[in-house]
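Enquirer: Here it is, the structure, as structure tokens.
The values are calculated or read from the model by the stated rules, or taken from the named source; none is laboratory data. Since we're looking at a predicted model, the values are computed, not measured. Positions of Cβ are generated from backbone atoms using ideal geometry, with glycine treated the same way; all protein chains shown enter the neighbour counts. Protein only, heavy atoms only, side chains kept; ligands, DNA and RNA dropped before computing areas. Shrake-Rupley method; radii C 1.70, N 1.55, O 1.52, S 1.80 Å.
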Amino acid sequence: MPDVFAAFDAHVRAREREYVDELSALVRLPTVSAQGSAIAETAAAVLGRAQRAGFVATAERVSGGPPTIIGEQGSGDRTLLIYDHYDVQPPDPLEEWRTPPFEPTIRDGSLFGRGTSDNKGNLMARLQAVEAYKATVGPLPLRLRILFEGEEEIGSEHLAELVRVHADRLRADGCIWEAGYKDAAGRPTVSLGLKGICYVDLEVRGTALDAHSSVGGIVPNAAWRLVWALASLKDESGTIIVDGLMDHVRVPSAADLALLRALPFDEAGWKRIHGIDGFVGGATGLELKRKYFLEPTCTICGLRSGYQGQGSKTVLPAVASAKVDFRLVPDLTPELVRSLLRAHLDSRGFTDVAITPHHGERPSRWPSDTDVAKAAVAANRATYGTEPVVYPLMAGSGPMAQVCDQLGIPAVGFGSGNAGSANHAPNENIVIADYIDHIRAFGRFLHAFAGRPM
Ligand code: BES
Ligand code: MN
């Protein structure tokens, strides 16, 4: 069978320099949604770039949210929705970067800069792939729709409303989600959903003011109250013991377990990367994979109380607070977790622990036999010449339920990152060869999803 993608690949490879320059220009914009910086500027740049790639596109806003790019081009029996976000995480801690976060730099075949992996790289690669497809393979064999948002990294507060208002411009038969990473052994991965998230602040206000710690035997201490409350959420084997929470976790099906058994997981590599000599509760093998992919988490993300300065200060702190996130699997929702958490704390007398909700996202999980999942697997196989690893869920989160569950669009994820891409961390990067491969895979994916033979 003649390889219809030979010309496509040659076209893409000849443009590596140009493609990376274009991505670098986008990474140079400091689009930190948490700080509201460069949002309008980046939205305008992304809109212009999408239009140049042939999309009839507009920037839309609802209820004071940031601009969201919606667009369309091509025609055919099938419609594919492409979801990406143009905002990035704050670059802190700045002193840990070898080169500045918003001055993209190539070192040893990798491009370093905030957003190269999460998620400006995938966004740009996909627009470049669409152009390359039209230039070499032919007219688009399907209808493409884009949804590029600017507040993913702060919880996509306005997206559900935007999707509702513009549903007719977003409906599709399948959706390609933003992210995807090669695993630690360099194998391409395809994922079938995202975990949800429920992020909360827990705060205890005890005494009217900080007190001399000599009163510690008789005056209640906010920090102890918080520590006891936190300790009631999870036991030392790592099991979440919030009353009733685990009852809502779907029991893995035989198909789920088969997927997990087939899934390679580099335990030694993980231990090396994290500098640990064992996993929580001593889990290994299938149990470890089940926990990572199919179970919720309860994580103390931050903890604050009392004196943190040099030396000592004998003080009984008036206030203690913690930031806690729960990553959610079906059938947990943020609303359910918040109400279970409140009831759990109240029933133990922790009515003094205030819960302030931050962002919440529902989990979203799709079967492995949808057309869009099959096209993703076929495209990765054709690109890399190996079978991709299929993840039942990504351990990260995002507004997939707001988009795909709301509109009934099966989703799949694969992308240009890798296990060392340092998302959200200093020295975020992608390997340039992986970036080019994602463009190659994405062209094949369009073809496969349109039902064309490869
Ligand atoms: N691209 C990530 C999601 C992700 C992370 C997928 C790791 C797979 C593995 C996304 O940009 C992200 O960071 N999402 C946030 C969402 C939160 C702010 C609501 C997350 O997961 O923390
Ligand atoms: Mn992110």
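Enquirer: Taking segment 218-284, how much of its Cα-Cα pair set, in percent, is spaced more than 18 angstrom apart?
Expert: Details: 1426 of 2211 pairs.
When all Cα pairs of segment 218-284 are counted, 64 percent exceed 18 Å.
Enquirer: In what sequence, largest accessible area first, do 325, 210, 77, 243 appear using a 1.4 Å probe?
Expert: Largest accessible area first, the residues go 77, 210, 243, 325.
Enquirer: When the Debye formula is applied to the Cα atoms of segment 269-310, each taken as the same point scatterer, what base-10 log of I(q)/I(0) results at q = 0.34 Å⁻¹?
Expert: Debye intensities relative to I(0), on a log10 scale: -1.19.
Enquirer: Oh, and also: With the contact rule set at Cα under 8 Å and sequence spacing of 6 or more, what percent relative contact order holds for segment 26-134?
Expert: Values: 136 pairs, mean separation 31.4, N = 109.
For segment 26-134, the relative contact order is 29 percent.
Enquirer: In a solvent-free Debye calculation with one equal scatterer on each Cα, what is log10 I(q)/I(0) for segment 359-454 at q = 0.12, 0.25 Å⁻¹, listed in the order of the q values?
Expert: -0.45, -1.32
Enquirer: Let me ask something else. Using alpha carbons only, how many angstrom separate the centre of segment 192-231 from the centre of segment 285-302?
Expert: Measuring centre to centre over Cα atoms gives 24 Å.
Enquirer: For the chain, what does the relative contact order come out to in percent, with C-alpha contacts under 8 Å and a separation of six or more?
Expert: Normalised by residue count, the contact order of the chain is 26 percent.
Enquirer: How long are the semi-axes of the equivalent ellipsoid of segment 236-392, defined as square roots of 5 times the Cα gyration tensor eigenvalues? Whole Å, largest first.
Expert: 37, 21, 15
Enquirer: A further question on this structure: How far apart, in nm, are the 7 Å Cα→Cβ label points at residue 354 and residue 161?
Expert: Output for this residue pair reads 2.5 nm.
Enquirer: Where Lys and Arg each count +1 and Asp and Glu each count -1, what net charge lies around residue 183 among other residues with Cβ under 13 Å from its Cβ?
Expert: Local charge sum for residue 183: -1.
Enquirer: While we're on this one: Return the ratio Rg/(2.2 N^0.38 Å) for segment 1-123, where Rg is computed over Cα atoms only.
Expert: Segment 1-123 yields a ratio of 1.22.
Enquirer: Taking a label point 7 Å from the Cα of residue 454 along the Cα→Cβ vector, which residues of segment 179-201 have an amide N closer than 13 Å to it?
Expert: Residues 188-190 fall inside that zone.
Enquirer: For segment 141-237, what's the radius of gyration and Dmax over Cα atoms, in angstrom?
Expert: In order Rg, Dmax, the Cα atoms of segment 141-237 give 23.7, 76 Å.
Enquirer: In nm, what is the difference between 0.36 nm times the number of residues separating residue 336 and residue 249 and their Cα-Cα distance?
Expert: 30.1 nm
Enquirer: P(r) for the chain: what percent of alpha-carbon pairs falls in each 20 Å bin, starting at zero?
Expert: That works out to 23, 54, 20, 2, 0, in percent per bin.
Enquirer: What nm value, rounded to one decimal, do you get for the distance between residue 424 and residue 77 when each label is placed 7 Å out toward the C-beta?
Expert: Placing both labels 7 Å beyond Cα along the Cβ direction yields 4.2 nm.
Enquirer: Given the DSSP H assignment, sum -39500 (n - 2.57) over each helix run of at least 4 residues in the chain and divide by its residue total; what's the result at 222 nm in deg cm²/dmol, nearest 500? Let's see the in-between values first.
Expert: Values: 13 runs with 146 residues, N = 454.
One gets -10000 deg cm²/dmol as the mean residue ellipticity at 222 nm.
Enquirer: Calculate the tail of P(r) for segment 70-219: the fraction of all Cα-Cα distances greater than 25 Å, expressed in %.
Expert: Beyond 25 Å sits 50 percent of the P(r) for segment 70-219.
Enquirer: Let me ask something else about it. Which of the helices in the chain meet the span-like rule: DSSP H, Cα axial reach of 18 Å or more, Kyte-Doolittle mean at least -1.0?
Expert: 39-52, 120-136, 334-347, 371-384, 432-449
Enquirer: Let me ask another. If you wrap a convex hull around the alpha carbons of segment 137-185, what volume per residue comes out, as a whole number of Å³?
Expert: Enclosed volume per residue, from the Cα hull, is 141 Å³.
Enquirer: Which value in Å does the Kirkwood hydrodynamic radius of segment 59-118 take, with 1/r averaged over all unlike C-alpha pairs and then inverted?
Expert: Hydrodynamic radius (Kirkwood, Cα pairs) of segment 59-118 is 15.0 Å.
Enquirer: Starting from the Cα-Cα distance between residue 307 and residue 92, subtract it from 0.36 nm times their residue separation and give me the gain in nm to one decimal.
Expert: So the chain would gain 75.0 nm between residue 307 and residue 92.
Enquirer: Over the chain, what percent of the accessible surface lies on carbon and sulfur atoms, probe 1.4 Å?
Expert: Carbon plus sulfur share of accessible area: 52 percent.
Enquirer: Probe of 1.4 angstrom, ligands and nucleic acids ignored: what's the accessible area per residue over the chain, in square angstrom?
Expert: With all protein chains present, the chain gives 42 Å² per residue.
Enquirer: What's the local net charge at residue 66, with K and R +1, D and E -1, over the other residues with C-beta under 9 Å away?
Expert: Every neighbour counted, the sum reads -2.
Enquirer: Which pairs break 23 Å Cα to Cα here: 120/291; 120/182; 182/291; 234/291?
Expert: Exceeds cut-off: 120/291.
Enquirer: For segment 85-162, rounded, prolate or oblate, judged on the Cα gyration tensor with a ≥ b ≥ c (square roots of eigenvalues), a/c < 1.5 rounded, else prolate if a/b > b/c?
Expert: Oblate, since a/c reaches 1.5 and b/c is not below a/b.
Enquirer: Right, next: Would you please give the FRET efficiency between residue 28 and residue 218, computed as 1/(1 + (r/R0)^6) with r the Cβ-Cβ distance and R0 = 45 Å, to the nearest 0.05?
Expert: The value I calculate is 0.15.
Enquirer: Compute the length gained on full extension between residue 347 and residue 266: take 0.36 nm times their separation in residues and subtract their Cα-Cα distance, giving the result in nm to one decimal.
Expert: Numbers: separation 81, 0.36 × 81 = 29.16 nm, distance 4.11 nm.
Difference between extended and current length: 25.0 nm.
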